[in-house]
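Below is one structure; the comments refer to it alone.
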Amino acid sequence: MRAAVIVFPGSNCDRDVAVCLEAAGTKPDMVWHGETSLPACDLIVLPGGFSYGDYLRCGSMAANSPVMREVVARAHAGTAVLGICNGFQVLTECGLLPGVLMRNRDLNFVCRNTRLNVTRTDTPFTHLYEADEEIIIPVAHNEGNYFADDDTLVRLQGENQIVFTYASGDNPNGASLDIAGITDPTGRVLGMMPHPERRAEKALGGADGRRMFDGVMEMLS
Amino acid sequence: MSQGHNHEPPVTDELVAEHGLTPDEYDMIVEHMGREPNFTELGVFSVMWSEHCSYKSSRKWLKKLPVDGPQVIQGPGENAGVIDIGDGDAAIFKMESHNHPSFIEPYQGAATGVGGIMRDVFTMGARPVANLNALRFGAPEHHKTPHLVAGVVSGIGGYGNCIGVPTVGGEVNFDASYNGNILVNAMCVGLARTDKIFYAAATGVGSPVVYVGSKTGRDGIHGATMASAEFDDASDEKRPTVQVGDPFTEKLLLEACQELMASDAIIGIQDMGAAGLTSSSVEMADKGNVGIRLNLDKVPCRETHMTGYEMLLSESQERMLMVLKPGREDEAAEIFHRWGLDFAVVGELTDTNRMIVEHEGRLIADMPLRPLADGAPEYDRPFVATPKHAPLDLTADAHAQDLATSLMNLMGSSEMASRRWIWEQYDSMVMGDTLAGPGGDAALVRVHGTNKALAVTTDVTPRYCLADPAMGGQQAVAEAYRNISATGATPLAITNCLNFGNPERPEIMGQFVGCLDGMGAACRALDFPVVSGNVSLYNETNGRGIMPTPAIGGVGVLADLDKAVGNAFRHSDLNIYIVGETAGHLGCSLYARNVLALDALGPPPPVNLEHERHHGEFVRGVIGDGLAACVHDVSDGGLLCALAEMALPHKIGCTVDIEGDHAFWFGEDQGRYLVGIAPDTFESFETAAAQAGVVITRLGITGGAELTISHTMTISLEEMAQIHENWFPDLMNTTL
């Protein structure tokens, strides 16, 4: 499997996710936001961070950067895309995923471990998890409060596009339906607020995130 | 070129006073100059000779601190201190205050404090890997406190989170003495290779002086002077002197600097911090024993019609000054432009040992460098030693609350309550190397790509320093040493941030002298030298000073991170031991202050530096040999609070089967640790203690969901957690 990690000015989890991909067996290409083409790859990662300083609105300027045109085209052609935290915000801003990430319910940045339910396991990202398994993955964001209109929420549920939810009582940001991560209708574009790359080895307190990278590696190779 | 200054005000006695200079100091300036300075020159001298930049009241005493050791690569005097952590790796760190601006504008004050200290560290070639802070606020019930807490915490988070450096630890106290002067001390630790460290000294006549980063605006003018004066009721009017931070630009600046530093184009580099372009150019040229010529027409400005005076004194953030090897300008410019940053050659080095500044075709300043950098008077301010306190009168203890009530009182107090509300607003995990984040004794951050880790902590107990400055100074260093040792790491060096009131008052100067005396003694005894630091004086409002608060930032290294232990009970059936002797010293304890509510707190617990060192070495040895399951240092609140802190994280309780009075349980005797030992290693542990000659006392065993002292009390951890966790959200009027 070949992977590309997009680096926007202000991305700050690009190295972290590259470390995980490398541990899973593939050293990703790091692609600067100003590029207009992408190397051949099976997975594109939009990492966490504060692209463009979160100015204007989280993810909105990144969604309009040169490389994103190519990312959207590749996604439409079937390349798997993983957007983590700020990457999820970029995916909603560029229209690959519906809805929007609003400011957290408490209006404060929140960084802590959250318990997640894996609600869908037939995606390239989640097939190594058990159905309805509870895993622990940390969040770190100021705008993670997923919101969409009722029709969209119904559709997300009906089409089985909700992949991760915060476990009961552990919603850190007020997200609708406790949504922590969703996919597009194909299941190949995943956006999630929690950071699987931050809990992918025992030394960091747990390795629940590791199976996402191993799973992608296995399915896309 | 003309030497006209037609638009500048004439230099009068009033103008000199407004610049915070005394008449005597002004006379010295005239002598150095050989003439009267003009307005711009007066401004430059005033910031360079401010307390903040010149350390004129503190230098005499700072010189007495130990700054050497085989581990020290660079001691005080550079942007940050540098120590050798083995294998060609260096840790680069410093702590700095941003007290005055944070009180006036808490969000920006705290944010730019974090931004400034990170620049100090990455200026030297390091990648910042951990931020910490030491915060002091006024009484919880003071009307400004919640507002200041909220602003400072979100400012620290706003900056550190965005730039992507984890905030891994810190400490917070509340006391009425900080009502008018909060303390915001930010520490940053970075990593570099020992052969890729960058210094400020500028050498090579003719080398280009380059300005990079953000544009210059009118913000922060005279920030250094503000930080060198007391507050009064009109201090809110100083808001315009607080700088505004942009962490996004700093992130770009960090990456661009790292990229350029990978080449060999840089001769010297210096952050534009306090006193901006002035202090960076003076310090670089003076350290290199050269002269400097600046053309302000080349300085990127974000506002129009800025005067030379404003450009020289602006404290706009996210700017750096560097001296490049001649001919390397284009290569460097390409990097900074790619990162969307300004890059301008603003001058060159000369052989004159003078600072020459031109603006709009005029010579606006021509000054000798050495007096600017080093000529501020060194004051030997009069001081009176703090009188010793009489031993505590404990007749009131007869009517004390029972143990359980006392413990619950303390665990839910402003001093002991959980700081979760704060630390969850900091990204403590970005960079993927945080092995132990906030809430432990010292935080552990892996050296990326290796199997070793840095242990980092900030510590001081101001109420000890107030009662007995020398003992308080010793204790602050000893506690940092203990916190690092409790993780298994070897303490290597410290940075400090010395926050005091007005040094022109002899009793405040007495506190300063006492604290430094104690600090020096502890650093020497523990081989724990000072490699960088900062002094913040004049933390007074309307003549009332803060408690003396010499915050210590300690750094250690753990050679094998697999050996690290936490401070929480993770298993049942661990044998719990106290390492060190318990005399039951209640003087200055939280118990005396919060539970007995005594006015006179008596003397602080004595520190036995020999025991500190011996016990620290013993604990590290035990951890290294794999004998300990968990270790926690005993500090505020004594043994019983330490036990509670070990039990709460995983709600694994314990049963204690020895008896003691309140002094035993809540005394704050120093040099102690609590350790949890697995059933299969306790014999080896006891043998090791006997061989080392360390006093250990078995307290009991872990298990259950209560904290139980046989025949005395049983407290549900669930109930205690409520009280412990709710205090902060209640203060901030929010829910978790």
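The values are calculated or read from the model by the stated rules, or taken from the named source; none is laboratory data. Every value quoted in this text rests on a predicted model; they were computed, and no experiment measured them. Neighbour counts are summed over all protein chains in view; Cβ atoms, including those assigned to glycine, are modelled from backbone coordinates with ideal geometry. Accessible surface areas use protein heavy atoms only, side chains included; no ligands, DNA or RNA. Shrake-Rupley method; radii C 1.70, N 1.55, O 1.52, S 1.80 Å.
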Sequence gap at least 6, Cα distance under 8 Å: using those rules, report the relative contact order of segment A:3-220 to the nearest whole percent. 20
Name the long-range amide H neighbours of B:ASP427: under 5 Å, sequence gap of 5 or more, or other chain; modelled H, no Pro or chain starts. B:ASN161, B:THR167
Quick check: pseudo-label points 7 Å beyond the Cα along Cα→Cβ at B:ASN726 and B:ASP393, how many nm apart are they? 3.7
Counting only other residues whose beta carbon sits under 14 Å from that of A:MET102, what net charge do I get with K and R as +1, D and E as -1? -2
Contour minus Cα-Cα distance for B:HIS147 and B:ASP680 (0.36 nm per residue): 186.8 nm
Could you compute the FRET efficiency for B:VAL244 and A:ALA23, with r as their C-beta to C-beta distance and R0 at 35 Å, rounded to 0.05? 0.30
Can you give the FRET efficiency to the nearest 0.05 for A:ARG2 and B:ARG420, using r as the Cβ-Cβ distance and R₀ = 51 Å? 0.80
For peptides B:491-500, A:202-211, B:384-393, B:660-669, sequence by mean Cβ density within 10 Å, most packed first: B:491-500, B:660-669, A:202-211, B:384-393
Pick from A:ALA23, A:ALA62, A:ALA180 the residue whose mean-square fluctuation is largest in a GNM of chain A, springs joining Cα atoms under 10 Å. A:ALA23
Heavy-atom accessible area per residue - the protein assembly as shown, 1.4 Å, Å²: 34
Where both partners of a DSSP beta bridge lie in the protein assembly as shown, what percent of those bridges are antiparallel, to the nearest 5? 75
For the pair B:ARG370 and B:GLU718, how long in nm is the line joining their label points, each one 7 Å along Cα→Cβ? 7.5
Kindly express, to the nearest 10 degrees and within the range 0 to 90, the angle between helix B:106-122's C-alpha long axis and the longest C-alpha principal axis of chain B. 80
Antiparallel as a % of all DSSP beta bridges within segment B:630-736, to the nearest 5? 80
Any idea what the relative contact order of chain B is, in percent, if you count C-alpha pairs under 8 Å spaced at least 6 apart? 15
Between B:LYS325 and B:ARG59, Cβ-based FRET efficiency (R0 35 Å, step 0.05) works out to 0.55
Given the Cα-Cα distance of A:LEU177 and A:ASP151 and 0.36 nm per residue of separation, how much length would full extension add, in nm? 8.1 nm
Between the modelled labels at B:VAL345 and A:ARG69 (7 Å from Cα along Cα→Cβ) the distance in nm is 3.7
Going by alpha carbons, how many degrees (0 to 90, nearest 10) lie between the helix axis of B:39-48 and the longest principal axis of chain B? 20
Taking Cα pairs under 8 Å and at least six residues apart, what relative contact order does segment B:303-418 come out at, in percent? 11
Can you give the extra length, in nm with one decimal, that the chain gains between B:ALA404 and B:HIS305 once fully stretched, where that is 0.36 nm per residue apart less the Cα-Cα distance? 28.9 nm
Using a probe of 1.4 angstrom, how much of the accessible area of segment A:3-220 is carbon and sulfur, in percent? 48
For a label point 7 Å from the Cα of B:ASP264 along Cα→C-beta, name the residues of segment B:167-195 whose backbone N is under 19 Å from it. B:193-195
Chains B and A: accessible area buried, summed over both chains, 1.4 Å probe, nearest 100 Å², reads 2100
Suppose we keep just the DSSP beta bridges with both residues in segment A:3-220; what percent of those would be antiparallel, to 5? 60
Roughly what angle does helix B:506-525 make with the longest principal axis of chain B, taking Cα atoms, 0 to 90 degrees, to the nearest 10? 70
So, counting K/R as plus one and D/E as minus one, what does the shell of residues with Cβ under 14 Å around A:ILE162 add up to? -3
Taking the mean number of other Cβ atoms within 10 Å as a proxy for protection, how do you rank B:167-176, B:413-422 from highest to lowest? B:167-176, B:413-422
